[in-house]
Each structure stands twice: as structure tokens, then as C-alpha cells.
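The structure under discussion appears below in the form of C-alpha cells.
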2 protein chains.
Amino acid sequence: MKQIKIGLLGMGNIGTGTYKTLEMNRARISANTGLDLVITKILEKDLARERDVTVTPEQFTQEPADILEAPDIDIVIELLGGIEPATGFMLTAMHNGKHVVTANKAAVAANYDRLMGAARANRVLFRFEASVGGGIPILNALTSPLLANEYEEIRGILNGTTNYILTMMAERGMSYEDALKSAQAQGFAEADPTADVEGHDVANKLSILISLAFGKRVPPGDIPTAGITGITMRDIEKAAADGGKLKLIALAKKAGDDLEYGVKPTFVANDHPLAGVNNEFNAIFVKGNAVGELMFYGKGAGPLPTGSAVMGDVIEIARAISL
Amino acid sequence: MKQIKIGLLGMGNIGTGTYKTLEMNRARISANTGLDLVITKILEKDLARERDVTVTPEQFTQEPADILEAPDIDIVIELLGGIEPATGFMLTAMHNGKHVVTANKAAVAANYDRLMGAARANRVLFRFEASVGGGIPILNALTSPLLANEYEEIRGILNGTTNYILTMMAERGMSYEDALKSAQAQGFAEADPTADVEGHDVANKLSILISLAFGKRVPPGDIPTAGITGITMRDIEKAAADGGKLKLIALAKKAGDDLEYGVKPTFVANDHPLAGVNNEFNAIFVKGNAVGELMFYGKGAGPLPTGSAVMGDVIEIARAISL
């Protein structure tokens with residue numbers, strides 16, 4: 001069986017989930033692809049952490065070159081998060097002929113053209129399914145099975161933290177502050193929730209969706225963005241009285257030759273499919289000129305759902321380079 | 001630009017929708033793939049029908065060999081429906097080195113092993129996304145971006161006719177007979193609705209899903225199947241009183257080393273994502289051991305949604321053979 005060697009940059013929560021996804025399902029993946037996927041090297045400082053996976057000390061390195069310059073590594077998975085050094089590492093890996101998979105929405109949204117250009121110039125594959133919608137295979141759908149459509153509208157609930165907070169406010173009558181604390185207690189929100197609650201996380205994801213679906217580059221900073229910090233119980237009650245819910249919606253919509261886009265708390269009528277997307281779940285609603293209305297629903301975050309998306313990208317690359 | 005030549009078997013509703021999907025979006029498809037997809041020959045007797053597409057008399061033939069034996073045709077799209085002669089035509093096309101795309105759930109479910117075996121033996125690609133869930137890219141999702149999962153459960157609303165009837169009964173208080181007439185008037189149900197309302201159409205689709213997701217071949221006749229003809233207003237009201245809805249559900253679920261499967265009207269609690277799938281819409285709920293719960297929602301039938309899925313398959317094959 002042909003072996004595909006993988007280098008992993010970062011073994012925090014998502015890196016561990018990715019490793020575990022491969023470990024759990026290695027036999028199934030091999031049976032379906034005829035390929036043996038092996039994570040040979042891992043860039044990570046924290047060797048002491050309990051990870052509940054089988055990993056040997058020899059797999060770890062603290063030297064990026066052991067992965068980025070290693071002649072035997074075929075695919076590099078970048079899960080460090082943050083714009084740098086992640087972007088630089090990905091560019092170096094591509095320059096060295098390695099295919100790259102990432103879950104890093106901030107780096108992809110900030111450096112979309114450079115990363116795509118480097119992939120083309122170095123004739124390597126670059127995939128980032130996990131950067132939008134976690135485990136939901138939305139980027140694959142938009143760029144492959146739905147490609148015979150012109151997209152008219154994309155409307156998404158793309159952040160689990162804020163959707164959880166809005167759900168707790170609407171269904172349990174919690175205040176914004178109490179709902180945020182509950183989200184933090186359950187691990188759905190970070191200690192500093194700014195990027196989530198101010199909408200910046202969603203703007204990164206919408207920037208990526210706009211690039212892939214509409215072929216237009218809009219940096220996240222150019223997307224009008226409002227978060228949920230100003231939402232009061234009165235707003236939630238008004239939405240309910242009007243027959244709907246308030247959701248933090250990322251929207252991109254054709255309007256003649258123009259594209260309208262933005263991120264903001266938006267009224268969603270109860271009969272719209274997005275109205276039933278609650279708690280920490282994400283969903284992306286798509287309108288195409290042939291397929292009509294579609295919706296993709298699932299977990300937008302978490303180690304294993306994100307690991308599923310990362311490994312899906314790895315499998316597609318491994319298949320393509322083994323033809 | 002490289003040209004990919006396509007032969008189309010059948011230009012009824014779905015064939016016309018497929019042709020129209022390509023016609024509407026040809027420029028976009030070419031820009032994204034660098035390929036020029038052209039339907040050069042169409043097997044069809046009815047030349048008089050108004051189709052609202054640009055097609056010349058020279059494109060039509062009534063001789064299958066003009067497509068199946070034509071040396072210049074790369075991909076054959078089979079949209080005749082029915083098990084034969086469709087299966088025989090697909091096998092001949094594969095034998096002659098042509099890649100095959102079909103929307104024909106009856107033929108794929110009845111002859112899955114023969115068709116897959118012929119594709120392997122002749123080293124051609126065989127795809128049938130449109131056979132399950134119409135425009136929803138569920139087969140692609142299961143066989144590609146989600147492949148790093150072991151599937152634990154697949155639960156689908158896979159027939160628009162019966163979902164429309166059950167929705168009208170629940171929301172408008174219509175009797176089964178009136179709801180069926182309304183479905184027929186709106187084009188969601190055939191004059192002879194037996195295959196839909198008795199669950200046979202759904203059993204075909206579940207057989208295909210089981211093959212792809214669980215690697216197990218269960219012919220549709222071996223799937224315990226009950227339709228909706230016996231559903232009364234009393235059943236609908238009881239489901240509502242219990243906090244849910246009756247839906248015609250196709251289920252396949254791991255139970256230890258066994259697989260449980262069947263098609264039958266089933267109570268769905270209102271907080272399950274499938275409960276909000278109404279009217280003629282379809283949806284497939286999937287549980288994977290890494291990704292968790294996912295749902296894919298969209299139009300399960302209709303010329304353009306089905307055309308979107310057929311052309312998605314054609315594009316994936318065209319890309320693969322042009323690498």
C-alpha cells in the first residue's frame with residue numbers, strides 16, 4: 001500500500017482532534033483509498049500535555065524545517081492558528097513542493113491571494129475546508145458538485161459561540177452576560193470572546209466564501225461587520241413577537257452586477273431553514289440558479305468535527321497525487 | 001480550451017433540465033474548469049416537444065449506437081429512467097471506454113454491483129449523484145470530504161411527493177386523498193403515484209446510500225418498506241400532540257456489528273433537524289464518528305436541481321480525465 005507522509009504543524013485541541021480522527025478511522029480510510037496516511041512529524045512545544053492518542057516522542061520536533069524542508073513529507077497540515085508564522089510556514093511548504101491543508105480562517109482570509117498564487121506557482125494543492133463551518137463540507141460543495149450553478153445568495157450562521165448565546169437568550173431567557181458565561185463554561189467560547197462576539201471570526205469566514213463562490217476578493221476588514229454585544233432581551237422578544245429569531249448572519253448576495261455583503265444580527269423568519277439552527281450548530285444556506293435552495297448543517301467547531309474536515313482535505317489530496 | 005464531448009440518452013424533463021443547466025452556466029463552468037463541455041448527441045424520439053433550450057435537429061438521433069459507439073464521445077449521461085434498456089446502455093458505454101453519469105436510482109439500485117464492476121473493469125468513472133436527494137450533493141459528501149468518518153447513522157427524507165402530502169395533512173388539515181391531488185396538480189406527484197407513496201422510490205435511494213456509506217449491498221427488495229397510504233389524520237394529530245411530526249424516513253443505523261435499515265413513516269421530534277423539512281424538500285441527516293451530526297437539505301427533484309447534480313458529476317469527471 002502506498003504511504004503518504006504528513007507533517008503536522010501544531011498539536012493543540014484541533015491538532016489532537018485531527019490526529020485522533022486519523023487514528024480512529026485509519027483502517028476505513030485505507031480500505032476506501034488504498035493509501036496509508038501517516039503523520040510522521042509534529043511541530044509542537046508542549047510534550048507533556050495529556051492527549052489520549054498514540055504518539056511517540058520521536059514524532060515531535062520543535063524545528064519547523066524538520067517538516068517544511070523534509071524531502072519525504074508530501075502534505076503539511078497547518079493548525080497553529082493566527083496569521084503568522086502560519087502563513088509564512090505554508091508559503092515555505094508550498095515553495096518546497098508540499099501540498100498544504102489548513103483550518104486557519106484568519107490566515108486564509110488575510111492572505112488569500114498570496115496563498116492561492118503560491119499554490120498555483122508551485123503546482124501544489126491547497127485546501128482549507130475546516131476554515132469555514134468546521135465539519136460541514138461547504139467549501140467542497142461550492143467548488144465541486146455545485147459548480148454547474150451560478151450562486152445567487154449565501155447566508156450563513158458561521159459562529160457557534162454567538163449562536164449558542166442567542167439561543168440561550170431566546171429559549172432560556174438568559175441575559176447576554178449569563179449566556180456568554182454559560183458558553184465559556186461549556187467550552188463554546190474563549191476566555192477573550194472578542195473575535196466571536198464582535199463578528200470578526202464570521203467576517204473571516206465570509207471573506208473566504210465570497211472568494212470561492214463569487215470569485216471576488218473582499219478582505220475581512222472591508223466587510224461591514226456588527227457583532228451581538230449590543231443585543232438586548234428586548235430585541236430577542238421583538239423578533240419572537242414578529243414570528244422569528246435574531247441570528248448573527250453572514251450574507252453575500254448578487255444584486256444585478258453587484259455583490260452585497262455583510263455580517264450582522266438579522267431577523268430570520270421561523271419558516272426559513274436557518275431559524276431551526278440552534279445552540280452551537282452552524283449552517284450555510286445557498287441559492288444556486290439551477291439547484292435552488294440548499295442548506296448544510298452541522299458542528300462548526302470542536303476537535304473531531306474540525307479533524308474530520310482537515311482529514312477530508314488530506315484524503316482528497318492524497319488521492320489526487322496517487323492517480 | 002479543451003473540449004469534452006457528451007452524449008445524452010433521453011431528453012424528457014430531466015434531460016431538458018440538464019441541457020438547460022449547462023446552457024445557463026456554460027461560461028461560468030468554462031471559467032472555473034478551463035474546459036468546454038458540449039452535448040453533441042441526444043438520443044430522443046420526441047423532436048416536436050417545446051423545450052426552451054437551443055438545440056439543433058442534427059444533435060438528435062434515434063440510434064443508441066450514435067452515442068454508445070461514437071469514438072469522439074467522452075461522457076454518456078443516461079436519463080432514460082427505468083431499469084432497462086438504461087442498464088444495458090450504460091454497460092455498453094462503459095465497455096466502449098466512456099465515463100457514465102446517471103440520475104437513474106432504479107437502475108443503480110437494481111444493478112449496483114454490475115455497474116460498479118463494469119466501471120472498474122473498463123477503467124472508467126461512474127457517478128450517480130442525482131439518483132439520491134436530487135440537487136443535494138450527498139453522495140459526493142459521503143464518498144469524499146467525509147471519508148475520514150465511520151458512519152453511525154443515515155436518516156433521510158428522500159421523497160418530495162410523500163413529504164409534500166404529509167406536510168399538507170399536518171399543516172393544512174387536508175385528507176390524504178386531497179393532499180395527493182394537490183401534489184399531482186403542482187407536478188410533485190405522478191399520475192400513478194404508487195412508487196412514491198408505497199416507499200419503493202425511497203427504498204431504491206436507501207439501497208444506494210447503504211452501499212456507499214456502509215459498503216454493504218442490500219437490494220431494494222430486501223429493505224423492509226412501508227409507505228404512507230395508511231396514514232390517517234388521527235396519526236398526524238397524535239404525532240403533533242406528542243411534540244413532533246410523522247415523516248417517511250429512510251434509516252440505516254449501525255447496531256454493534258449489524259446494520260439496521262428500513263423505510264417507514266416515523267415520528268420525528270420537533271427539536272430534530274429533520275422536523276423542519278417540509279413541503280417537497282428532501283434532507284439527509286448523517287452521524288459520523290468524527291464529524292458528529294450533519295444535515296444536508298434541498299430540492300430532491302425537479303429538472304434544474306437534478307440537472308445541477310448531473311452536471312456536477314460531469315464536471316468532476318471532465319476535470320479528472322483532463323488532469
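Of note:
- Chain A: angle of helix A:86-95 to the longest principal axis, Cα-based, in degrees nearest 10: 40
- Counting other Cβ atoms within 10 Å as a rough exposure proxy, the listed residues B:Ser322, B:Ser207, A:Ser308 run B:Ser322, B:Ser207, A:Ser308 from fewest neighbours to most.
- Where labels lie 7 Å past Cα in the beta-carbon direction, separation of B:Glu23 and A:Thr232 in nm: 5.6
- Sorting B:Met168, A:Met90 by the number of Cβ atoms found within 10 Å of their own Cβ, with the fewest placed first, yields B:Met168, A:Met90.
- Axis-nearest residue in chain B [Cβ, rotation onto A], distance in whole Å: B:Gly276, 2
- Here is how far apart the A:Thr143 label points are across copies: 2.1 nm, shortest first, using a point 7 Å from Cα toward Cβ.
- Separation of the A:Asp192 and B:Ala121 label points, Cα + 7 Å toward Cβ, nm: 6.4
- Each copy carries a label point for A:Leu259 at 7 Å from Cα along the beta-carbon vector; from one copy to the others these points are 4.1 nm apart, nearest first.
- A Cβ-based charge dipole, computed about the Cα centre of the protein assembly as shown with Lys and Arg at +1 and Asp and Glu at -1, lands at about 600 debye.
- Distance in nm between pseudo-label sites at B:Gln62 and A:Lys216 (7 Å out along the Cβ direction from Cα): 5.0
- Structure-based [θ]222 nm, chain A - -39500 (n - 2.57) summed over DSSP H runs of at least 4, per residue, nearest 500: -12000 deg cm²/dmol
- Whole-number percent relative contact order across segment B:141-299, with pairs defined as alpha carbons under 8 Å at least 6 apart: 34
- Ratio of Rg to Rh for the protein assembly as shown: 0.96 [Cα atoms; Kirkwood radius as inverse mean 1/r over pairs].
- In plain terms, the residue of B:Phe281, A:Phe60 with the fewest other Cβ atoms within 10 Å comes first and the most crowded comes last, giving A:Phe60, B:Phe281.
- Pair-distance profile P(r), taking every C-alpha pair of chain A, with 20 angstrom steps and integer %: 32, 56, 12, 0
- Projecting the Cα atoms of A:Ala48, A:Gly7, A:Ile29 onto the charge dipole of segment A:6-85, computed from C-beta unit charges around the Cα centre, puts A:Ile29 farthest toward the positive end.
- The antiparallel fraction among DSSP beta bridges confined to chain A stands at about 60%.
- Rounded if a/c under 1.5, otherwise prolate or oblate - segment B:141-299, Cα gyration tensor axes: prolate
- Calculation over all alpha carbon pairs of segment B:244-302 in 5 angstrom steps from 0 returns a P(r) of 4, 15, 23, 28, 18, 8, 3, 0 percent.
- Charge-dipole axis of segment B:114-213 as Lys and Arg at +1 and Asp and Glu at -1 on Cβ define it, positive-most pick from B:Tyr176, B:Gly156, B:Ile208: B:Ile208
- Against chain A, whose longest principal axis is taken from its Cα atoms, helix A:160-172 shows a tilt of about 30°.
- Separation of segment B:45-112 from segment A:32-93 is 48 Å, based on Cα centroids.
- Inter-copy spacing of A:Arg120 label points, which lie 7 Å from Cα along Cα→Cβ, given in nm from shortest upward: 3.9
- Computed about the Cα centre, the dipole magnitude for segment B:141-299 is approximately 180 debye when only Lys and Arg (+1) and Asp and Glu (-1) carry charge, each at its Cβ.
- Net lengthening on full extension, B:Ala48/B:Ser182 (0.36 nm per residue, minus Cα-Cα): 45.3 nm
- Rounded to 5, percent antiparallel among DSSP beta bridges of the protein assembly as shown: 60
- Cα centroid separation, segment B:253-323 to segment A:219-298 (Å): 23
- Spatially proximal aspartates and glutamates relative to B:Lys287 (Cα-Cα < 12 Å; intrachain offsets below 8 disregarded): B:Glu150, B:Glu152, B:Glu153
- 0 to 90° range, to nearest 10: angle between helix A:13-33 axis and chain A longest Cα axis: 70
- Under 27 Å from the Cα of A:Lys98 - lysines, other chains or at least 8 residues apart: A:Lys2, A:Lys5, A:Lys20, A:Lys41, A:Lys45, A:Lys205, A:Lys216
- For segment B:114-181, trypsin sites (Lys or Arg not before Pro) are listed when DSSP marks them as loop and at most 14 other Cβ atoms sit within 10 Å of their Cβ; the list is B:Arg123.
- Note on A:307-320: average number of Cβ atoms from other chains within 10 Å of each residue's Cβ is 4.
- A Cβ-based charge dipole, computed about the Cα centre of chain B with Lys and Arg at +1 and Asp and Glu at -1, lands at about 580 debye.
Bear in mind these aren't lab numbers, they're just calculated from the coordinates by the rules spelled out. Just so it is clear, the model here is predicted, and its values are computed rather than measured. Methodologically, a virtual Cβ is constructed for each residue, glycine included, from the backbone with ideal geometry; neighbour enumeration extends over all protein chains shown.
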